[in-house]
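For reference, the structure discussed in these notes is given below.
The values are calculated or read from the model by the stated rules, or taken from the named source; none is laboratory data. Everything quoted here is computed from the prediction, not taken from an experiment. Here the Cβ is made from the backbone with ideal geometry for all residues, glycine too, and neighbour counts use every protein chain on show. Accessible surface areas use protein heavy atoms only, side chains included; no ligands, DNA or RNA. Shrake-Rupley method; radii C 1.70, N 1.55, O 1.52, S 1.80 Å.
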Protein chains: 2
Amino acid sequence: MKFDLLKTDAATQARAGVVHTDHGAIETPIFMPVGTLGTVKGVHQRELKEEVNPDIILANTYHLYLRPGTDILEKAGGLHQFMNWDRPILTDSGGYQVYSLSANRKIKEEGVKFKSHIDGSYHFFTPERAMDIQRSIGADIIMAFDECTPYPCEYNYARRSMHMTHRWLKRCIEHFNNTPDRYGFKQTLFPIIQGSTYKDLRVQSAEFVANCDLPANAIGGLSVGEPAEEMYAMTEVVTAVLPNEKPRYLMGVGTPINLLENVALGVDMFDCVMPTRNGRNGMIFTANGSINIKNKKWEADFSPLDDAGYAWVDTEYSKSYVRHLFTVNEMLGRQICTIHNLAFYLWLMREARKHILAGDFATWKEKMVKQMDNRL
Amino acid sequence: MKFDLLKTDAATQARAGVVHTDHGAIETPIFMPVGTLGTVKGVHQRELKEEVNPDIILANTYHLYLRPGTDILEKAGGLHQFMNWDRPILTDSGGYQVYSLSANRKIKEEGVKFKSHIDGSYHFFTPERAMDIQRSIGADIIMAFDECTPYPCEYNYARRSMHMTHRWLKRCIEHFNNTPDRYGFKQTLFPIIQGSTYKDLRVQSAEFVANCDLPANAIGGLSVGEPAEEMYAMTEVVTAVLPNEKPRYLMGVGTPINLLENVALGVDMFDCVMPTRNGRNGMIFTANGSINIKNKKWEADFSPLDDAGYAWVDTEYSKSYVRHLFTVNEMLGRQICTIHNLAFYLWLMREARKHILAGDFATWKEKMVKQMDNRL
């Protein structure tokens, strides 16, 4: 994997670049749509390419490990073949599930025992196992196995957990380096910085991770309920430590405003379930603020869903029609709002990139943040 | 509305024709996808046109009357505008709900009182009201208000009900003729033949309906649980009475085999929820029989969903992948199987038409009926 840093903004830390992978180039800043189980919910692969056009998507190791399982994925020739997606795929490591499934897992130095939410069966994830599974899935980008701490998190817990994540990272690197790429393309390991919302821990973790000298660096453990200002503060201390010449991935973030603020702090890659999950709940993001399409006020509004037209759905369907679909619980409503939100997120990142390259990112960002901070 | 009967098969009663409407031509035999609430579940309007390509779709009066209601539909300029569909639309009259919502309705000579399944509110449908609502919805083809009797149905009940349906038809015709077309295009009323599974009643009803001399004739009250042989027998006695120069619509039918058998008996138009509903349950129809894609046997079958390729989904996704989507309850699975089934149904009708025009329908039909009668 190779990263070309094309430009860094003069007024902010925002960067425009290109990540090169064996499945094609990723223009940054980028938002990666989440396809947990090998499908971006409600969106055909063809639509995703043609209407949303992301250079990369994300899938979830823990979920794919449970179903369909690595046996089927290996027989298929990897996830790209299985789901018919020929662009890059990043898989999380299962580390996020250490946080999100906290009632159903037990953490030890050796690894994490999960109780399946499907059938109650037990599964033991170690750093080594997380590498093996991600290689089997066939991810272009493999994430290190970490503990994502909750918010708030007591200082001593955060410190101990961070050190364990660092030890796990060493094990990930060693195992990753001792195992071959699968399916004939290059797989790349990304390390993850932890440290909760403590600046000293974040600096310490960023230094540890940077010293591992992997091709990119990721920031985990944010977007778990902390105020946005704390998230930005953590991003800021971390990006100050990280090398410029490697891409930075902020995991699990966030709203359109969160994205722009973090781009301004030097983040290159994002993922989040928000555009897809909120879309399925009838919440759409626009350049002028967010809309709850279920509200009565849209009942007789026959104007296009979004006349900016990020995807064809925006002008194909009216607000009134989409509201009706949600009122009667028709799946087409969820499909429409998902495509709209993803297309908007990807448009926002492409616009950010253009403005970084044009040199007017800071003023554009301020304007957009103000505009988007409305409920329509 | 005008019907051109292009050819009647020599060996069977099968016919190829064209129905002309202000929203375009309908080549018959035709299958009409069901879009109950102004959406064919899980399918974008654009996909429906490009991948399934039906000349006409169906929507449900009772459901649209409850939500979004005629007020919204009128403000939108009718259902075509509301849902962004520029080809013909046929609406049922609510008569089917007299059957399907039997626990929540009361029939009188004047009309039917329904208790809403949404909020328990009461709504009174009369033949006149059914005409008004369908005109407001903006259907190209409006169905008469009838009582669809259940199966089995006691003879005397079926006879009395049939006579009431006939009196209602007279009221429908009178009210329809006394009210103007809406939205600037021609609306056409179709009468409905009843009579349960009794040949004498079916003949009587067909004669009554034929004498009303409307532009087409519909056969109702079938596909309500009776054996296929009884359905075919009723179709046969009815089509023998009906004039050749008008299209015949068999309501609510059916499986791919049912369609071909009824085409052979002289039916031109069909609708049914089967391809969409069964698709959402993971059951797909193919030229070689039906498939339950949820079965374990497809787990590692990486061949295309259907290599015949009726729609792009057939070759885009493997059986294994679609099975996975159903196993994990992902909506994309429902979307894929719905498009496949509809594309297959429409292909089947287009093939039937080709073979009728080519003169070898009977042999083709026999072959297809045999082939499709498998569980794969």
Check on B:E366, surrounded by fewer than 20 Cβ atoms within 10 Å (Cβ to Cβ), touching a residue at least 24 places away in the same chain (Cβ under 8 Å) and of a type outside the set (A, V, I, L, M):
no
Selected residue (criterion: most open to solvent (accessible area, probe 1.4 Å)) from residues of the range B:56-97 that are at positive phi and touching a residue at least 12 places away in the same chain (Cβ under 8 Å)
B:N84
In the range A:98-112, is there at least one residue being on the phi < 0 side of the Ramachandran plot, surrounded by 15 or more Cβ atoms within 10 Å (Cβ to Cβ), within 13 Å of chain B (Cβ to nearest Cβ) and out of contact with any Asp or Glu (no Cβ under 9 Å at 6 or more places or on another chain)?
no
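In the range A:173-185, how many residues are open to solvent by less than 30 Å² (accessible area, probe 1.4 Å), touching a helix residue (DSSP H, G or I) at 6+ places or on another chain (Cβ under 8 Å) and within 22 Å of A:H23 (Cβ to Cβ)?
Start the filter on the range A:173-185 by keeping residues that are open to solvent by less than 30 Å² (accessible area, probe 1.4 Å), which leaves A:173, A:176, A:185.
With touching a helix residue (DSSP H, G or I) at 6+ places or on another chain (Cβ under 8 Å) added as a condition, the list becomes A:173, A:176.
Subsequent filtering for residues that are within 22 Å of A:H23 (Cβ to Cβ) retains A:176.
Residues in the range A:173-185 being open to solvent by less than 30 Å² (accessible area, probe 1.4 Å), touching a helix residue (DSSP H, G or I) at 6+ places or on another chain (Cβ under 8 Å) and within 22 Å of A:H23 (Cβ to Cβ): 1 in total.
With the structure loaded, tell me whether B:F344 is in contact (Cβ under 8 Å) with a residue 12 or more places away in the chain and either assigned to a helix (DSSP H, G or I) or within 14 Å of another protein chain (Cβ to nearest Cβ) (or both) or whether it fails that test.
On the way: in contact (Cβ under 8 Å) with a residue 12 or more places away in the chain: yes; either assigned to a helix (DSSP H, G or I) or within 14 Å of another protein chain (Cβ to nearest Cβ) (or both): yes.
When the stated conditions are applied, B:F344 passes them.
Scan the range A:324-333 residue by residue and report those that are in contact (Cβ under 8 Å) with a residue 40 or more places away in the chain, open to solvent by 10 Å² or more (accessible area, probe 1.4 Å) and more than 7 Å from chain B (Cβ to nearest Cβ). Steps first, please.
The initial filter retains those residues of the range A:324-333 that are in contact (Cβ under 8 Å) with a residue 40 or more places away in the chain, namely A:326, A:331, A:333.
If we keep only those that are open to solvent by 10 Å² or more (accessible area, probe 1.4 Å) as well, we get A:326, A:331.
Within the range A:324-333, A:F326 is the sole residue that qualifies.
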Please go through the range B:43-53 and pick out each residue that is away from chain A (no Cβ under 11 Å), in contact (Cβ under 8 Å) with a residue 40 or more places away in the chain and either surrounded by fewer than 23 Cβ atoms within 10 Å (Cβ to Cβ) or in contact with a Ser or Thr (Cβ under 7 Å, 6 or more places away or on another chain) (or both).
B:N53
Kindly indicate whether B:Y183 is at pLDDT 95 or above and at negative phi.
no
Looking only at the range A:261-305, count every residue that is open to solvent by 30 Å² or more (accessible area, probe 1.4 Å) and among the polar types (S, T, N, Q) and tell me the total.
6
Pairs, please: C-beta under 7 Å, at least 6 apart or cross-chain, first residue within 15 Å of B:S161 (Cβ to Cβ) and in the range B:98-121, second part of a loop (DSSP other than H, G, I, E, B) and aliphatic (A, V, I, L, M)?
B:Y99/B:V224
Just wondering, is there one or more residues in the range B:172-188 that are in a helix (DSSP H, G or I), of a type in the set (K, R) and assigned by TED's automatic domain parsing to the domain that holds B:D86?
no
Could you tell me how many of the residues in the range B:117-134 are open to solvent by 10 Å² or more (accessible area, probe 1.4 Å) and under 23 Å from the mean Cα position of the chain (by Cα)?
5
Report yes if A:N281 is at pLDDT 95 or above, closer than 26 Å to A:T36 by Cα, outside the structural domain of A:I26 (by TED's automatic domain parsing) and within 20 Å of the chain's Cα centre (by Cα), otherwise no.
yes
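Here's the yes/no breakdown for (1) over 30 Å from B:V263 (Cα atoms); (2) among the polar types (S, T, N, Q):
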position: B:V43; (1), (2): no, no
position: B:L66; (1), (2): yes, no
position: B:L79; (1), (2): no, no
position: B:Q97; (1), (2): no, yes
position: B:D119; (1), (2): yes, no
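Residue under question is A:L37, and the condition is that it be open to solvent by less than 30 Å² (accessible area, probe 1.4 Å), in contact with a helix residue (DSSP H, G or I) (Cβ under 6 Å, 6 or more places away or on another chain) and at pLDDT 95 or above; does it hold? Step through it out loud before you land on a result.
Numbers: open to solvent by less than 30 Å² (accessible area, probe 1.4 Å): yes; in contact with a helix residue (DSSP H, G or I) (Cβ under 6 Å, 6 or more places away or on another chain): yes; at pLDDT 95 or above: yes.
So A:L37 passes the test.
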Which of the residues belonging to the range B:186-242 are open to solvent by 30 Å² or more (accessible area, probe 1.4 Å) and charged (D, E, K, R)?
B:K186, B:K199, B:D200, B:E207, B:D213, B:E229, B:E230, B:E236
So is B:T197 touching a helix residue (DSSP H, G or I) at 6+ places or on another chain (Cβ under 9 Å), on the phi < 0 side of the Ramachandran plot and assigned to a helix (DSSP H, G or I) or not?
no
Yes or no: the range B:63-78 includes at least one residue that is in the same structural domain as B:G35 (by TED's automatic domain parsing) and more than 26 Å from B:D140 (Cα to Cα).
no
Hits in the range A:313-323 (condition: within 19 Å of A:R46 (Cα to Cα) and either within 7 Å of another protein chain (Cβ to nearest Cβ) or crowded, with 24+ Cβ neighbours inside 10 Å (or both))
A:V313, A:E316
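Taking strands (runs of 3 or more DSSP E) that do not extend beyond the range A:250-322, which have at least 3 residues that are over 30 Å from B:Q81 (Cβ atoms)? Spell out how you get there, then give the answer.
Details: elements: A:269-271, A:283-286, A:289-292.
It comes to A:269-271.
Do you know which residues across the range B:116-140 are in contact with a His (Cβ under 8 Å, 6 or more places away or on another chain) and farther than 19 Å from B:G38 by Cβ?
Answer for the range B:116-140, where residues must be in contact with a His (Cβ under 8 Å, 6 or more places away or on another chain) and farther than 19 Å from B:G38 by Cβ: B:P127, B:E128, B:M131.
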